[in-house]
Amino acid sequence: MDIKAHLGALFKTALAKVAPEAADAEVLIERPRDPAHGDFACNLALQLAKRLKQNPRQLAQQLASALPVDAQIAKIEIAGAGFINIRLAPRALQAAVTSVLAEGAAYGRVRAAQAQKVMVEFVSANPTGPLHVGHGRQAALGDALAALFEAQGHAVTREFYYNDAGAQIHNLALSVQARARGMTPEDAGWPADGYRGAYIDEIARSFTAGGGQLDDLEALRKYAVATLRKEQDADLQAFGVRFDVYTLESSLYTDGKVASAVKALVASGRTYEQDGALWLRTTDYGDDKDRVVRKSDGSHTYFVPDVAYHLTKWERGFRKVVNVQGSDHHSTVTRVRAGLQALGLGIPQGYPDYILHNLVKVVRGGEEVKISKRAGSYVTLRDLIDWVGRDAVRFFLVSRRADADFVFDVDLARAQSDENPVYYVQYAHARVCSVFSQWGGEAGGFGAAPVDSLAGPREAVLLQRLAEFPEIVANAARELAPHAIAFYLRELAGEFHSYYNAERILVEDGAVRTARLALCAAVRQVLANGLALLGVSAPERM
RNA sequence: GCGCCCGUAGCUCAGCGGAUCAGAGUAUUGGCCUCCGAAGCCAAGGGUCGUGGGUUCGAAUCCCGCCGGGCGCGCCA
């Protein structure tokens, strides 16, 4: 039983007795930052004081008296302006260890009665070059978010969408062709919007070496796309990220999805002809200007396949969809949503959800790194992985709020020292493992261990932290905020390191030793579960 | 000019469905290994939360203006 929900129910009962007229009020149970304020606190009296025209402290006193105290609660205090602080009985805190060990890898996860279909679309890089650090941030965020949804019991699809046929791909083919003909980006005849990275030359060479015909632009296009797709897949694999579904923009045309989307938009009555083009009144849905659906040359703007694509998500039964993209795409959000609403299918206004992340600045040796040799104008995800390792890249890129700017300090991430938050958390895990190997046994088998000796202040802090993990995971999923997991792990690791330094685990007293080992086993389990959500390994030795 | 995002300690960043919210890490300084891993711990200093108003008993948090930074503003994707 979730202790927080339990306390909430108790306060509801007290409220119904003290002030039935305010029984509808929302009861908020918080975990105070300062342990001196108890294990839980409720500010109900402060919230209702005005409404009930009562002194908040007196109201708090009445609520506290009416609270049906049970064995879980050790102490109730009125503090400050009218807070009701609750101190739990040691037994209630210690139950966390038992829960963690009983549930193991499932601790922090929810078993949903019916799995909801959820899609996370992320990375979605077009195959015109190696993945850059922004894609890395999307990969880290998207994969962690997908893991969070899975932990909430949803059936999650990880999807990658890319354009394999547009103008950019045409430019790619032209660039490879130019390279194969011996041109360089500095030459006068270089394609106007050509790609300039060294990888273009690599592709040109291998195409020629394989006997490819330079005049066959279609063959060049296919070869270049296949090569770059393969490279992107390899990078993502090295990053530990997998996708369930890849959707090609070209398939939306061949399957008639684009045509039917246009038809539906026209049928909605919200389109009009102007300057030889077909427009959709997206301003009806909050856009700042109307958008072109069909250009005067008869082709479609990218807006149409975007709408058609998202319609397929809805049609495939995904009622919750999150797109992870760079904030430079924010203008598409209103547009896509407007297009979906205009279809008149009852797709809700806020569909789909978006995580828009700010750009990543890479710093090394105190200087910003702007280019890599292969890609030319940007730092690649592969560069980062090569420099600091997969675990550090994943942990770093997911450890900030998505909409915060992010400075990736390569020197910090590669430091195998106390400065590095990844190693700090992993070290805590390895340390627990080390205690068990020192003791000469496994971390398993403590599920039924008596833990009533875990009554010290540091132990109480750790127990509290372990107990709140499921709540942290649920919040992170709801808020689309994987960074909360990274912060949680750092705190749990820190509290464990403190405990470890202050108390000896392998003491003489067998009962105390067993209880402490059980606590350690629980800490190890939660560290491992949290790291798994982020796609970061939990090493037994470092 | 318009739209979205950001502005919290020297640096990198949490907190933003108001209160028990002035925080973490790092950097600096000083301590802790004959004892389970010092990739660790303990302690100190450091911020009028960009700024000016407003709402509120109470604002880093909500609202408005301004300043500064990023991104976007195409019949490109």
query: Considering A:Ala45, A:Ala23, A:Ala89, which residue is more than 14 Å from RNA strand B (Cβ to nearest atom) and over 30 Å from A:Ala515 (Cβ atoms)?
result: A:Ala23
message: I need the full set of residues from the stretch A:80-120 which are in a strand (DSSP E or B) and basic (Lys, Arg), in order please.
response: A:Arg87, A:Lys117
- prompt: Within the stretch A:1-18, can you find the residues that are over 26 Å from A:Arg109 (Cα atoms) and either at pLDDT below 85 or surrounded by fewer than 19 Cβ atoms within 10 Å (Cβ to Cβ) (or both)?
  reply: A:Lys12, A:Thr13, A:Ala16, A:Lys17
query: Out of the residues in the stretch A:496-513 that are without any contact (Cβ under 8 Å) to a residue 40 or more places away in the chain and within 8 Å of RNA strand B (Cβ to nearest atom), which is surrounded by the fewest Cβ atoms within 10 Å (Cβ to Cβ)?
result: A:Asn501
field: Candidate set: the stretch A:409-441, residues that are near RNA strand B (Cβ under 6 Å from one of its atoms) and part of a loop (DSSP other than H, G, I, E, B); chosen: the one nearest to A:Ile385 (Cα to Cα)
entry: A:Gln416
- line: Checked A:Phe395, A:Phe406 against criteria (more than 10 Å from RNA strand B (Cβ to nearest atom), in contact (Cβ under 8 Å) with a residue 40 or more places away in the chain, buried (at least 17 other Cβ atoms within 10 Å of the Cβ) and not basic (Lys, Arg)); the one match is A:Phe395
message: Of the residues A:Tyr351, A:Tyr427, only one is of a type in the set (Ser, Thr, Tyr), within 28 Å of A:Ile485 (Cα to Cα), buried (at least 17 other Cβ atoms within 10 Å of the Cβ) and in contact (Cβ under 8 Å) with a residue 60 or more places away in the chain; which?
response: A:Tyr427
- request: Could you tell me whether A:His483 is closer than 24 Å to A:Gly136 by Cα, touching a residue at least 60 places away in the same chain (Cβ under 8 Å) and within 8 Å of RNA strand B (Cβ to nearest atom)?
  value: yes
- prompt: Taking A:Ala455 and the conditions (1) assigned to a helix (DSSP H, G or I); (2) more than 11 Å from RNA strand B (Cβ to nearest atom), which numbered condition does it fall short on, given that it satisfies the others?
  reply: (1)
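Residue under question is A:Ser372, and the condition is that it be in contact with a Ser or Thr (Cβ under 6 Å, 6 or more places away or on another chain) and either more than 10 Å from RNA strand B (Cβ to nearest atom) or more than 14 Å from A:Leu531 (Cβ to Cβ) (or both); does it hold? Give the derivation first.
Values: in contact with a Ser or Thr (Cβ under 6 Å, 6 or more places away or on another chain): yes; either more than 10 Å from RNA strand B (Cβ to nearest atom) or more than 14 Å from A:Leu531 (Cβ to Cβ) (or both): yes.
Criteria met by A:Ser372.
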- prompt: So which helices (runs of 4 or more DSSP H) are wholly in the stretch A:245-340 and hold at least 1 residues that are more than 7 Å from RNA strand B (Cβ to nearest atom) and under 25 Å from the mean Cα position of the chain (by Cα)?
  reply: A:303-315
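Quick check, is A:Ile355 at negative phi and either assigned to a helix (DSSP H, G or I) or more than 13 Å from RNA strand B (Cβ to nearest atom) (or both)?
no
The values are calculated or read from the model by the stated rules, or taken from the named source; none is laboratory data. Since this is a predicted model, take the numbers as computed values, not measurements. Every residue, glycine as well, gets a Cβ built from its backbone with ideal geometry; the counts of neighbours run over all protein chains shown.
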